[in-house]
Every structure is written in structure tokens, then in C-alpha cells.
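What follows is a short report on a single structure.
Please treat every number below as a calculation from the coordinates, not as lab data. Keep in mind it's a predicted model, so treat the numbers as computed, not measured. All Cβ positions, glycine included, derive from the backbone under ideal geometry; neighbour counts span all protein chains shown.
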Amino acid sequence: MSLRDFGLLVLVCLVWASNNIVSKYAVGVLAAPPLFYAAVRFAVVALATFPWLFPAPRPRWRLIVVALLMGGGNFALLFIGLKTATPSAAAVVGQLGVPITTLLSVLMLGERIHWRRGLGIALTLAGALLVMWSPRGLSLSTGLMFVVGSAFTGSLGAVMMKQMEGVKPLQFQAWVGLASLLPLAALSAWLEPGQVQAGLAAGWPFLLAALYSGLVVSVGAHTGYYLLIRRYEANLISPLTLMTPLATIGLGVALLHDPFGPRMLVGTTVALVGVLIIALRPNQVAPLLLAIRNRAQ
């Protein structure tokens, strides 16, 4: 890999990591309703990518379902989780999406799991459980439960997307924005009364967070990632994206004072080693899932 492309990958990972911090600030500090924040984000994505919307790939129903799973479902659940969970813990627990995708690919795509990938799945699960552990026992917060749900919806969408052909990155982003906007807006209006007033009360920092998340993260960084995937083997690129959760943890500790003790250190190390083992084994969807999970963070 050239130094320029490696620098681009580092920048992409840093942008993905910073989005977790920005999203936590929006829903945690600014107290913006998470579904409303997600709806505004996807409105930004839909407007920015509208010229690439057509012609729509077929089957269109699958495209819409995948867009909802990987867009509205994935991000909305993550933002709800970040309301109470720390970005550092969410970054580690969110890595469960990689073994979940591997297991779904066995059920839906007929892939096989050999002992190395089985070991990776076990290590990722053990590391995530260790992060959730407390001196009083297993303590899965409500926020982290939503993060696990986010990982599952993203994983299911990734496997279903693998069954489609001819979907270009910006075209897919356009459909993610369009398919996610209306359901999220409707759910926000139903479940988050006063959401518009809350967004206005949050002021320009809320708007800047939504613009950053939609334009810089979804459109810019994710497109850059796909450019690299076209140039290099996925099994070279995807392990390097583990810089994203590491950077998220570093930013969370430095900027938001996330707790990071020995238990968190060991759990993070074990989980990321497991993800690395999975990513290094040839398979169909792990590189795609790593992109989805990281851009959601």
C-alpha cells in the first residue's frame, strides 16, 4: 500500500471514530432526541446524494430493506444507545457485529466456519462480555443493549447486500438516506414529542453535528473507504480499520473522560484480537461489515 493511500485510510478511520464522539455529544450533552438526530442526518445524506439515486438497482424491495437495516435501523439504535453508553464501550461492544455477520453468512450464504474463525468469534464475544462486566456481575446497560441491536441490524443488512449486484457506493448512500428519512421522522414524531423544539434549542452545534455526520462521515469517509477497497485486497484493508475503535476509545477517554481501567483494557484487547482473526480469514462479508460498523461509530 502506498503511503498516500495509507494516509487516506488513517484519515477515514479517524473520521469514523470522531463521529462516535460527535454523536454522543449531540444526543448526550446537547440532549437532542436520538431518532430526530438520525432523521436529520439522513436528510442531509439524501440531499447530498440525490443525483445518484437513479436508476435504482433491482430487486428494489431488497434495496429498500437493506437501506433501512444498514441506515435507519443501524444508526437509530446506535444513537439511542449512545444516549447512556460511553463511546468507548459502544466501540467495543459494537464489534459483535463482525461475528454476528459471520454467523448470519453461514445461515444465509452457506459459508463455513473453520476453527480459526470460530476462535475469533469466541474471543470477540468474551472481550465484549468482559467490557460489560462489573464487580457485581454481568451488567448490560440499556444503552449497550441498543448497541448490540445496532450491530445485529447492520449485520443482517450486510449479508442481504452481499446478495445484490451493481450497487455503487454513492447510489447506495442515496437510497439509505431516502429509505431511512421518512420512517425515522415518523417514529420521532410518535415517540419524541417536542423533538423539533429540542433540536432548535440545541442550536447550531446540533446542526453542525448532523452535517458532519451526514456529509463528512457518510458521504466522504465511506466513499474513500470503497476507493481503497477497489485498489487493494479486502483482507489487507479490513484489519487496518480496527484503528477506528482504538481511536474512538482514545478520543472518548481524552475528550469525554470515558472510564478506561484494566478490565476495559483486557476486554478491548481480547475483542479486537477476535475481530482481527475473523477479518484475516477469507470470507464474503466481513470487510463490508467492518466498513458499516466503523462508519456508524
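Those residues that are in contact (Cβ under 8 Å) with a residue 60 or more places away in the chain and either assigned to a helix (DSSP H, G or I) or within 27 Å of Leu242 (Cα to Cα) (or both), I need them from the range 183-200; list them, please.
Those that are in contact (Cβ under 8 Å) with a residue 60 or more places away in the chain and either assigned to a helix (DSSP H, G or I) or within 27 Å of Leu242 (Cα to Cα) (or both): Pro183, Leu184, Ala185, Leu187, Ser188, Leu191, Gln195, Val196, Ala198, Gly199.
In the range 70-101, how many are polar (S, T, N, Q) and within 11 Å of the chain's Cα centre (by Cα)?
Selection size over the range 70-101: 2.
So that you can scan it fast, the table gives a plain yes or no per residue for (1) surrounded by fewer than 24 Cβ atoms within 10 Å (Cβ to Cβ); (2) part of a helix (DSSP H, G or I); (3) in contact (Cβ under 8 Å) with a residue 24 or more places away in the chain:
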| position | (1), (2), (3) |
| --- | --- |
| Arg4 | yes, yes, no |
| Gly7 | yes, yes, no |
| Val10 | yes, yes, yes |
| Leu14 | yes, yes, yes |
| Asn19 | no, yes, yes |
| Ser23 | no, yes, yes |
| Ala26 | no, yes, yes |
| Ala31 | yes, no, yes |
| Ala38 | no, yes, yes |
